[in-house]
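Reviewing the structure listed below.
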Amino acid sequence: MLPLGIEHMPENMAAFDTVFSMGILYHRRSPMDHLRELRQLLKPGGQLVLETLVIEGDEDQLLVPQDRYAKMPNVWFLPTADMLINWMKKNGLKNPRMVDISTTSIEEQRSTEWMKFESLKDFLDPEDPTKTVEGHPAPIRAVFVAEAPQ
């Protein structure tokens, strides 16, 4: 495990059996560039594990929040699962598939005695927990797996 940002890695490194991208994609201004950079880190046949927020819908839908998403100012794109699989294919990743999807719960993401800041319950509409305070769909987390070409 290397505590480095992807921007610190050499292009076309092709050195890792597995690369994890956990909760990063929606913070990137160019998700396609991020996926390309991730693929270039993998050895031939290496595996990408990508966890990100998605929205419900078909392969042609994408949420581009104009201001904030769940009070986060740096959320650029929230694709549907099908759109993200297409992005992975376009970036040369093989056999992309969603292996898990779940609604983020307030029991899971909550304030505690050691984490006292606002948490998910503060980011959701108090009248309708299926929406963020901005009126967007509430967070859905999905995990995807794909392989680099051999």
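Among the candidates VAL99, VAL75, the residue that is in a strand (DSSP E or B) and closer than 30 Å to GLY46 by Cβ is uniquely VAL99.
Is the stretch 68-76 home to any residue that is within 12 Å of the chain's Cα centre (by Cα), closer than 28 Å to HIS8 by Cβ and open to solvent by 30 Å² or more (accessible area, probe 1.4 Å)? Write out each step before concluding.
Step one: filter the stretch 68-76 for residues within 12 Å of the chain's Cα centre (by Cα), giving 75-76.
When the remaining residues are screened for being closer than 28 Å to HIS8 by Cβ, the result is 75-76.
In the following step, the residues that additionally are open to solvent by 30 Å² or more (accessible area, probe 1.4 Å) were identified as 76.
Within the stretch 68-76, one or more residues are within 12 Å of the chain's Cα centre (by Cα), closer than 28 Å to HIS8 by Cβ and open to solvent by 30 Å² or more (accessible area, probe 1.4 Å).
Scanning the stretch 35-64 for residues that are surrounded by 21 or more Cβ atoms within 10 Å (Cβ to Cβ) and closer than 22 Å to PRO137 by Cβ, we see that the one that is nearest to the chain's Cα centre (by Cα) is THR52. Residues of the stretch 11-25 that are closer than 14 Å to GLN40 by Cβ and either open to solvent by 100 Å² or more (accessible area, probe 1.4 Å) or not in a loop (DSSP other than H, G, I, E, B) (or both): GLU11, ASN12, PHE16, VAL19, SER21. When MET32 is tested against the conditions (1) open to solvent by 30 Å² or more (accessible area, probe 1.4 Å); (2) more than 13 Å from MET88 (Cβ to Cβ); (3) within 14 Å of the chain's Cα centre (by Cα), the lone failure is (2).
Could you list, in sequence order, all residues of the stretch 1-27 that are under 19 Å from the mean Cα position of the chain (by Cα) and under 20 Å from MET88 (Cβ atoms)? Once the filter is applied, which keeps residues that are under 19 Å from the mean Cα position of the chain (by Cα) and under 20 Å from MET88 (Cβ atoms), the stretch 1-27 yields ILE6, THR18, VAL19, PHE20, SER21, MET22, GLY23, ILE24, LEU25, TYR26, HIS27.
Give the number of residues within the stretch 26-36 that are within 20 Å of LEU2 (Cα to Cα) and either in contact with an Asp or Glu (Cβ under 8 Å, 6 or more places away or on another chain) or in a loop (DSSP other than H, G, I, E, B) (or both). The qualifying residues number 1.
Determine whether TRP87 is outside any helix (DSSP H, G or I), open to solvent by 30 Å² or more (accessible area, probe 1.4 Å) and either of a type outside the set (Asp, Glu) or more than 25 Å from LYS131 (Cβ to Cβ) (or both). Against the criterion (outside any helix (DSSP H, G or I), open to solvent by 30 Å² or more (accessible area, probe 1.4 Å) and either of a type outside the set (Asp, Glu) or more than 25 Å from LYS131 (Cβ to Cβ) (or both)), TRP87 does not qualify.
ARG97 meets each of the listed conditions (1) open to solvent by 50 Å² or more (accessible area, probe 1.4 Å); (2) under 23 Å from GLU37 (Cα atoms); (3) in contact (Cβ under 8 Å) with a residue 60 or more places away in the chain; (4) not hydroxyl-bearing (Ser, Thr, Tyr) apart from (3). For the stretch 119-139, the set of residues classified as open to solvent by 20 Å² or more (accessible area, probe 1.4 Å), out of contact with any Pro (no Cβ under 9 Å at 6 or more places or on another chain) and within 14 Å of LEU63 (Cβ to Cβ) consists of GLY135, PRO137, listed by residue number.
The values are calculated or read from the model by the stated rules, or taken from the named source; none is laboratory data. Just so we're clear, the structure is a prediction, and the values are computed from it rather than from any experiment. We place every Cβ from the backbone using ideal geometry, glycine too, and count neighbours over all the protein chains shown. Side chains are part of the model used for accessible areas, which takes the heavy atoms of the whole protein and leaves out ligands, DNA and RNA. Shrake-Rupley method; radii C 1.70, N 1.55, O 1.52, S 1.80 Å.
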